[in-house]
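No value in this document is a laboratory result; all are computed from the given coordinates. Being a predicted model, the structure only gives us computed values, none of them experimental. Neighbour counts are summed over all protein chains in view; Cβ atoms, including those assigned to glycine, are modelled from backbone coordinates with ideal geometry.
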Amino acid sequence: MALDSFPQQLVQLEPRPPAQPRLPEWLRKSTTHFPAVHALKAEIRGLNLHTVCESARCPNLHECFSRGAATFMILGNLCTRGCGFCSVPKGSPHKQEFTLDPNEPANVARAAAGWKLRYVVITSVNRDDLPDGGSRHFAETVREVRKALPSARIEVLTPDFCGDLDAVARVLDSGPHVFNHNMETIRRLYRRVRPQADYQQSLDVLRFAKTYRPDVLTKSGLMVGLGEEPSEVEELLRDLRGANVDVATIGQYLQPTRRNLPVASYVTPDQFDAYREHGLAIGFKMVFSGPLVRSSYMADLVNEEATRVTA
């Protein structure tokens, strides 16, 4: 039977989604450390803690867990925002799961001390449902870690707290050594990538942090491969330097689940090198730029290099 004899609605096929670019060799990681990963996960679960490494499906998880490194994610494991790039679970703030665990600050400190960490990274979900954005809980966690590990350096990777600078000051007053807040992407893509955030507001948070505590190293990260142009990445780097940010991290966006934004392109190692050179040329103390770079990846080494430049 000829195809044109079928009813028209049967021969019209649904258009296929655009094909994803193939993962290049420079993004393939073959090394796994299952025993170390399982052991660390068991400790984390035993203290009712979470890591962004797991929740955000970081490609460096095996490498970091095998050397006893993890980024603690506080304020629970449910986020009030729906960023297109992020696989951290979202939920309604009215659910029981959104209740803050009062033992979480002490448990983070207990885990960090048990692993004898020299460098502790603390991040969180967004908690727009809380009047202070969770900043008091954040500050309490920093204080507990400082008490348990007086010699350790602490990096905080905070949300924007909806632009509440009092909340930012509250976290800074708790004594972190590094203040990190990620821009994530260029200005043009904010509506699609971070629909509940604001480009200028994030810059203002970073600028305020450096003005309020000039002795604290400031840091921000961004992803590429979401459809940006190199000139737009350079513009973002200039904006960060205009906010007196000391350190920038740049990594390849990888789609964590099918529900998240697709990858527009895989950026070459040469382009990452060009971004690093541009950042250093305009005054950053350190630019960590590469396909598998993440905001908290090798944070201890990044901090050491930036501190050495400052000295």
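Starting from the 7 Å offset along Cα-to-Cβ, what nm value, one decimal, do you get for the label separation of Leu47 and Ala274?
Each label point is offset 7 Å from its Cα along the Cβ direction, giving 4.4 nm.
Could you sort 71-79, 158-166, 191-199 so that the peptide with the highest average Cβ count within 10 Å comes first and the rest follow in order?
Output ranking for 71-79, 158-166, 191-199: 71-79, 158-166, 191-199.
What is the calculated FRET efficiency for Leu100 to Ser151, with r their C-beta to C-beta distance and R₀ = 35 Å, to the nearest 0.05?
Efficiency, rounded to the nearest 0.05: 0.80.
Please list, in order along region 251-260, the HN-Hα scalar couplings obtained from phi with the Karplus expression 6.51 cos²θ - 1.76 cosθ + 1.60 (θ = phi - 60°), rounded to whole Hz, x for Gly and Pro.
Along region 251-260, the couplings run x, 6, 6, 10, 5, x, 9, 5, 7, 8 Hz.
Roughly how many nanometres apart are two label points built 7 Å out from the Cα toward the Cβ at Asp132 and Thr211?
Label-label distance for Asp132 and Thr211, simple model: 2.3 nm.
Amide H to amide H under 5 Å from Val120: which residues, 5+ apart in sequence or cross-chain, H placed 1.01 Å off N in plane?
Close amide H contacts, sequence-distant or interchain: Arg153, Ile154, Glu155.
So how much slack lies between Trp115 and Asp173, counting 0.36 nm per residue of separation and subtracting their Cα-Cα distance, in nm?
Extra length available between Trp115 and Asp173 comes to 18.3 nm.
Only counting other Cβ atoms within 10 Å, I'd like Thr249, Thr257 sorted with the fewest neighbours first.
Thr257, Thr249
Considering only Cα-Cα distances, which of the following residue pairs are longer than 30 Å: Lys90/Lys285; Lys90/Lys219; Lys90/Lys116?
Where the Cα-Cα span goes over 30 Å, the pairs concerned are Lys90/Lys285; Lys90/Lys116.
If I model a spin label at Arg238 and Arg188 as a point 7 Å from the Cα along the Cα→Cβ vector, what separation in nanometres do I get?
1.5 nm
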